């Protein structure tokens with residue numbers, strides 16, 4: 001195996017660890033809610049804490065990422081992920097009076113590792129010598145989707161058969177970051193951009209193209225994470241389907257479709273118009289949100305959630321590639337700014353989704369309006385469907401921002 005491919009494959013494994021950190025708790029939402037009496041807002045707070053921590057570490061490490069060897073970051077990140085997962089699994093033992101605090105603490109510590117991985121993996125791939133940067137970047141993010149699919153499927157099936165064994169599921173998954181840390185420990189990773197030629201972030205941060213890209217990737221992150229994190233709960237409480245159906249058909253098909261889109265781009269990335277593909281994906285994701293919230297039949301809503309994975313597939317890595325093409329000498333600091341924005345969206349929007357679901361499901365005037373119009377929907381169904389409808393604003397806004405990025409005003413050399 002060549003040195004280049006070894007680095008790329010370790011980064012792919014690292015992206016699988018990132019998928020583990022982000023997606024291990026959502027399949028456990030209903031068991032945790034039933035066991036500890038948690039609200040939708042508290043479940044959404046776990047997502048917000050995860051991504052808020054990632055944002056914090058994006059900003060902290062972004063200031064020094066070009067000065068410290070990348071291998072230090074990647075090994076430390078995996079150790080943090082391992083530690084946080086074990087704290088989550090021991091929450092009932094460490095925090096018997098309030099296990100939620102242990103789950104929250106473990107989420108924060110594992111998210112520290114996830115934030116560092118997210119910050120370093122993309123610039124490592126971008127800095128590794130290769131003739132197919134677009135393909136490598138999309139393949140990297142395809143491993144996130146593949147990891148999400150495998151993690152959600154195995155976790156959901158195990159919880160379905162043994163709902164009280166969720167701590168042991170997490171402990172078994174904690175072996176993955178240990179393996180990844182060992183993989184990076186054997187590699188020598190090149191620096192991102194030589195100091196003499198690197199563009200400082202402060203010199204490009206006011207560029208309109210980068211500003212719009214930063215806003216767009218924040219909305220992309222939120223749009224992807226709402227559907228990825230809330231489909232299981234939406235299927236059970238919002239559509240009245242069995243939890244295992246929501247996990248396997250909704251969440252897993254969402255991840256599978258996202259992986260298919262990124263794998264396809266990984267093999268064809270140098271031969272397609274990336275900007276046009278991103279517009280098509282954002283439009284498809286917008287339609288998926290609207291259909292999921294308004295479709296009269298649960299199967300149609302669940303299918304829309306799954307198809308939404310194809311729409312979300314290229315958005316985050318695509319915006320990274322567009323930015324890297326526009327600012328090829330920006331180094332890791334630009335990736336840190338983009339990752340921070342994506343994590344802000346991934347923190348705030350899914351948390352707000354949970355808050356909106358709580359508000360709408362407990363709104364007496366709204367519930368009375370549905371009753372007066374003979375809608376046979378439960379408060380949970382009204383709340384979750386309403387939250388999906390409002391969340392559609394995010395991918396629709398991405399469509400508008402991508403059109404601006406493609407405009408001649410921001411691309412003066414574009415024919």
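The values are calculated or read from the model by the stated rules, or taken from the named source; none is laboratory data. What you are looking at is a predicted structure, and each value in this text was computed from that prediction instead of being measured. As a convention, Cβ positions derive from the backbone with ideal geometry for all residues, glycine included, and neighbour counts pool all protein chains shown.
Name every residue in region 147-172 that is more than 14 Å from residue 90 (Cα to Cα) and buried (at least 21 other Cβ atoms within 10 Å of the Cβ), in order of residue number.
The answer is 147, 148, 149, 151, 152, 155, 156.
Name, by its number, the condition in (1) more than 14 Å from residue 336 (Cα to Cα); (2) crowded, with 23+ Cβ neighbours inside 10 Å; (3) modelled with pLDDT under 80 that does not hold for residue 43.
Going through the list (1) more than 14 Å from residue 336 (Cα to Cα); (2) crowded, with 23+ Cβ neighbours inside 10 Å; (3) modelled with pLDDT under 80, residue 43 breaks only (3).
When you scan region 142-237 for helices (runs of 4 or more DSSP H) that lie fully inside it, which ones turn up with 2 or more residues that are at pLDDT 90 or above, closer than 18 Å to residue 14 by Cβ and touching a helix residue (DSSP H, G or I) at 6+ places or on another chain (Cβ under 9 Å)?
Helices (runs of 4 or more DSSP H) meeting the threshold: 175-185.
Would you confirm, using the coordinates I've provided, whether residue 245 is part of a helix (DSSP H, G or I), surrounded by fewer than 24 Cβ atoms within 10 Å (Cβ to Cβ) and in contact with a helix residue (DSSP H, G or I) (Cβ under 7 Å, 6 or more places away or on another chain)?
The answer is yes for residue 245.
Go over the candidates 352, 306 one by one and state the one that is closer than 24 Å to residue 223 by Cβ, assigned to a helix (DSSP H, G or I) and touching a helix residue (DSSP H, G or I) at 6+ places or on another chain (Cβ under 6 Å).
Unique residue meeting the criteria: 306.
Do we find that residue 107 is in a helix (DSSP H, G or I), out of contact with any strand residue (DSSP E or B) (no Cβ under 9 Å at 6 or more places or on another chain), under 20 Å from residue 45 (Cβ atoms) and touching a residue at least 12 places away in the same chain (Cβ under 8 Å) in this structure?
yes
Given 335, 327, 353, which one is surrounded by fewer than 24 Cβ atoms within 10 Å (Cβ to Cβ), under 30 Å from residue 59 (Cα atoms) and in contact (Cβ under 8 Å) with a residue 12 or more places away in the chain?
Testing whether each residue is surrounded by fewer than 24 Cβ atoms within 10 Å (Cβ to Cβ), under 30 Å from residue 59 (Cα atoms) and in contact (Cβ under 8 Å) with a residue 12 or more places away in the chain leaves just 327.
Mind checking whether some residue in region 312-323 is over 21 Å from residue 284 (Cβ atoms) and surrounded by fewer than 23 Cβ atoms within 10 Å (Cβ to Cβ)?
No, the conditions are met nowhere in region 312-323.
Hey, does region 385-397 have a residue that's in a helix (DSSP H, G or I) and modelled with pLDDT under 80?
Scanning region 385-397 turns up no residue that is in a helix (DSSP H, G or I) and modelled with pLDDT under 80.
So, in region 266-279, exactly how many residues are part of a helix (DSSP H, G or I) and either at pLDDT below 80 or within 12 Å of residue 308 (Cα to Cα) (or both)?
6
Only one of 339, 357 is farther than 20 Å from residue 120 by Cα, modelled with pLDDT under 90 and in a helix (DSSP H, G or I). Can you tell me which?
Going through 339, 357 in turn, the sole match is 357.
Does residue 324 qualify as being modelled with pLDDT under 90, assigned to a helix (DSSP H, G or I) and either farther than 26 Å from residue 137 by Cβ or touching a strand residue (DSSP E or B) at 6+ places or on another chain (Cβ under 7 Å) (or both)?
In short, no.
In region 48-83, how many residues are within 16 Å of the chain's Cα centre (by Cα), crowded, with 19+ Cβ neighbours inside 10 Å and more than 18 Å from residue 15 (Cα to Cα)?
Count: 2.
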